[in-house]
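Written below as structure tokens is the structure these notes are about.
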Amino acid sequence: MNVLFIEDDRMNRRVVKDMLDVAGVTMVEAESAERGLEILDEQDFVMVLVDLRMPGMDGITAIEHIRARPDAKAKVPIIVVTADIAPDLRERCMVAGADDVIFKPVAMDALFDAMGAILARDAAGDGMID
């Protein structure tokens, strides 16, 4: 399974990579939303993880760009990984096209639960993964 993580903080990328390594998941890192969109053009992913607050393009805008794609990659499941605790955060993310939101510091069980729920939804035929 190939996952893209768009996150500007190197340590946060490392922590999530270590968690995904335990499950045998391959993680490709992007240090900015702009770079993440370029990588998404070049490779296929089962899922995208994206931070919200990054220099340059923010995570909400990145999600909107992904959902606006004219190809099947527009349907890739997206999980927001954020430290933001604004009251309307989940709603803003879902309106933008996110499938789920998890919070930093990332707990392995929260990450795997969110990923598992999306994969189970796909297996049931209700998901967005083609």
Tell me, which residue of region 30-72 that is surrounded by 19 or more Cβ atoms within 10 Å (Cβ to Cβ) and either in a strand (DSSP E or B) or basic (K, R) (or both) is farthest from the chain's Cα centre (by Cα)? A30
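Restricting to region 4-19, count the residues that are without any contact (Cβ under 8 Å) to a residue 60 or more places away in the chain and within 16 Å of A114 (Cβ to Cβ).
As a first pass, look at region 4-19 and keep what is without any contact (Cβ under 8 Å) to a residue 60 or more places away in the chain: 4, 6, 8-11, 13-14, 17-18.
Then drop every residue that is not within 16 Å of A114 (Cβ to Cβ), which leaves 4, 6.
The total comes to 2.
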Looking at P87 and the list (1) part of a helix (DSSP H, G or I); (2) more than 14 Å from the chain's Cα centre (by Cα), which single condition is not satisfied? (1)
Only one of (1) in contact (Cβ under 8 Å) with a residue 12 or more places away in the chain; (2) closer than 22 Å to M1 by Cα; (3) not hydrophobic (A, V, I, L, M, F, W, C) is not met by D58, so which one is it? (2)
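For the structure I just gave you, tell me whether M108 is touching a helix residue (DSSP H, G or I) at 6+ places or on another chain (Cβ under 6 Å) and surrounded by fewer than 15 Cβ atoms within 10 Å (Cβ to Cβ).
Numbers: touching a helix residue (DSSP H, G or I) at 6+ places or on another chain (Cβ under 6 Å): yes; surrounded by fewer than 15 Cβ atoms within 10 Å (Cβ to Cβ): yes.
So M108 fits the description; yes.
Throughout, read-outs are computed from the coordinates displayed, never taken from laboratory work. In this text the structure is predicted, and so the values were computed from the model without any measurement. Cβ atoms come from the backbone with ideal geometry, glycine included; neighbour counts cover every protein chain shown.
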